[in-house]
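Student: Quick one: the structure is below, and I'll ask about it shortly.
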Amino acid sequence: MSAGSIDPVLALVNEVRFAFQPLINVKTGAIVAVEALARPTGGDVHDLFREAARHRRLTELDVELARSAVTAAADHETLLPLHLNLFGGTLTHDLPRIERLRERLHEVGRREHEVTLEIGPPFARLDPGQLVEGVQALKADGFQIAGDGVGDGDVPLALIADMEPGMVKLDRGVVSGLPDSAARRAVLEAVRHLCEAADADLVAEGVENDRQLSALRRTGVRLVQGNLLAPPARRPPTTITVPGVAAEVTDPAGQPVNTLAAGPRVTEFLSPATLLPVDATADKVRGVLADHPEISAVGGGGGPPPAGGPQAAPPGRRGRPRPAGRGGAGAGPAPGGGGGRPPPPPAGGGPPPPPPPPPPRRSTPSIATGSCSPSPVRTGTRCTRSARLRGWPTNPAWSPPRPPPSRR
């Protein structure tokens with residue numbers, strides 16, 4: 001192959017390796033996701049983009065880098081939620097090309113809802129309406145959306161509000177001025193209020209020292225990313241927590257902030273489940289849990305029922321399946337008639353049907369072991385543990401004596 005036949009864009013992609021940096025919840029210490037960062041073997045990633053722009057193939061390089069990041073994550077067998085970077089211009093100028101990214105995800109067994117696309121600047125020369133339409137199309141495909149680089153550069157807050165991302169990433173340029181710069185603190189407060197109003201998670205990038213982390217915690221920021229906690233690494237993390245991160249910051253001079261973002265949500269204590277095919281075997285499940293300590297749960301990926309298999313009854317109220325005998329599909333009449341009424345007498349004046357059997361004897365839980373023993377109310381016996389606590393013999397047939405009269 002001659003030098004002139006080599007695709008310049010694909011040659012640029014082949015020069016890139018990827019590092020992985022986790023996003024960490026500082027309230028719980030949990031790793032909630034991992035971001036794939038392009039690292040060229042020589043030079044800077046911006047040099048690659050300038051070279052692709054010179055060939056007018058910037059969007060092609062953008063998507064190809066995202067595809068390569070998916071492949072790199074699959075090679076390391078990480079099952080954590082994955083963050084990928086895309087330019088906003090790729091959505092407005094070449095949205096159909098992102099279908100190639102979906103194809104790569106399906107090739108490695110990933111699903112769209114496990115991937116967050118971080119849409120970043122520049123936005124200055126883009127059509128806002130077309131960008132919002134592209135974001136809505138990606139959401140309809142199942143992707144999670146994050147606004148990247150917010151607070152610095154040409155990222156209008158109104159555009160972020162119109163995009164309605166599930167996550168907003170505060171630019172490292174804002175974090176670098178904390179806590180000394182009053183202007184940067186004001187920017188942080190403005191973005192935080194925007195996230196609360198839009199019901200979006202706020203992530204602070206570029207946390208490099210303890211003072212920045214303390215300022216972010218006092219402001220109510222829960223999700224951070226930076227070298228202080230976990231620098232980028234060639235391999236994704238293999239644990240689901242970062243030790244020591246969840247320690248509370250005690251600053252007598254700091255004023256507590258009473259906001260919706262000040263406390264951890266219940267969902268932040270949950271780790272994402274890994275979806276496996278519906279025909280996965282028990283050995284496959286055990287292998288995933290053994291080989292990936294960062295994963296704490298697995299679930300079925302869904303799919304059509306097997307041919308000839310049982311069909312679910314039509315849903316009842318609120319979409320729940322109707323149980324047999326209560327009007328479900330193929331269900332016959334309930335025993336004894338519907339609504340709890342006795343069955344009608346047989347025609348011809350014959351003898352009435354026998355009465356229904358008596359209900360089973362009620363049981364009460366045993367205090368000692370949690371098992372059930374006959375109810376003291378019906379049989380005169382007592383739970384063994386309860387008898388011991390009162391000093392009575394444990395023979396159920398023995399009746400305890402009456403308590404002595406009061407000395408008063």
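All of the numbers you see were taken from the coordinates with simple rules; none came from a lab. These numbers were taken from a predicted model, which means no experiment stands behind them. Methodologically, a virtual Cβ is constructed for each residue, glycine included, from the backbone with ideal geometry; neighbour enumeration extends over all protein chains shown.
Student: Does segment 3-242 classify as rounded, prolate or oblate by the C-alpha gyration tensor (a ≥ b ≥ c root eigenvalues; a/c under 1.5 gives rounded; else a/b over b/c gives prolate, otherwise oblate)?
Tutor: Values: a/c = 1.58, a/b = 1.34, b/c = 1.18.
Since a/c reaches 1.5 and a/b is larger than b/c, the shape of segment 3-242 is classed as prolate.
Student: Taking loop as defined by DSSP and a crowding limit of 12 other beta carbons within 10 Å, which trypsin sites (Lys or Arg not before Pro) in segment 1-63 fit? Could the numbers behind the result be given before it?
Tutor: Working: sites: ARG17, LYS27, ARG50, ARG54, ARG56, ARG57; in loops: LYS27, ARG56, ARG57.
Those satisfying the criteria are ARG56.
Student: Please give the net charge around GLU112, taking every other residue with its beta carbon less than 11 angstrom from that of GLU112, where Lys and Arg add +1 and Asp and Glu add -1. All intermediate terms of the calculation are to be shown ahead of the outcome.
Tutor: On the way: positive: ARG102, ARG110, ARG111, LYS139; negative: GLU114, ASP141.
Spelling it out: positives minus negatives among the neighbours equals +2.
Student: Could I ask something else about it? Within 10 Å of each candidate Cβ there may be at most 14 other Cβ atoms; applying that plus a DSSP loop requirement, which trypsin sites (Lys or Arg not before Pro) in segment 60-161 survive? Walk me through the numbers before you get to the answer.
Tutor: Numbers: sites: ARG67, ARG97, ARG100, ARG102, ARG104, ARG110, ARG111, ARG125, LYS139; in loops: ARG110, ARG111, ARG125.
Those satisfying the criteria are ARG111, ARG125.
Student: Show me the GluC sites (Glu not before Pro) within segment 30-133 that DSSP assigns to loop and that have at most 14 other Cβ atoms within 10 Å of their Cβ. Walk me through the intermediate numbers first.
Tutor: Working: sites: GLU35, GLU51, GLU60, GLU64, GLU77, GLU99, GLU103, GLU107, GLU112, GLU114, GLU118, GLU133; in loops: GLU77.
Sparse-neighbourhood loop GluC sites (Glu not before Pro): GLU77.
Student: Straight-line reach from LYS27: which lysines have Cα under 18 Å away, leaving out those fewer than 8 places along the same chain?
Tutor: Of all the lysines, those that pass the test against LYS27 - Cα under 18 Å, at least 8 places apart if same chain - are LYS169.
Student: Hey, another quick one. Taking the Cβ of GLN225 as the center, what net charge do the other residues with Cβ under 13 Å away carry, scoring Lys and Arg +1 and Asp and Glu -1? Display every interim value, and only then the final one.
Tutor: Values: positive: LYS169, ARG172, ARG222; negative: GLU35, GLU118, ASP148, ASP171, ASP201, GLU205, GLU208.
Taking every other residue near GLN225 into account, the sum is -4.
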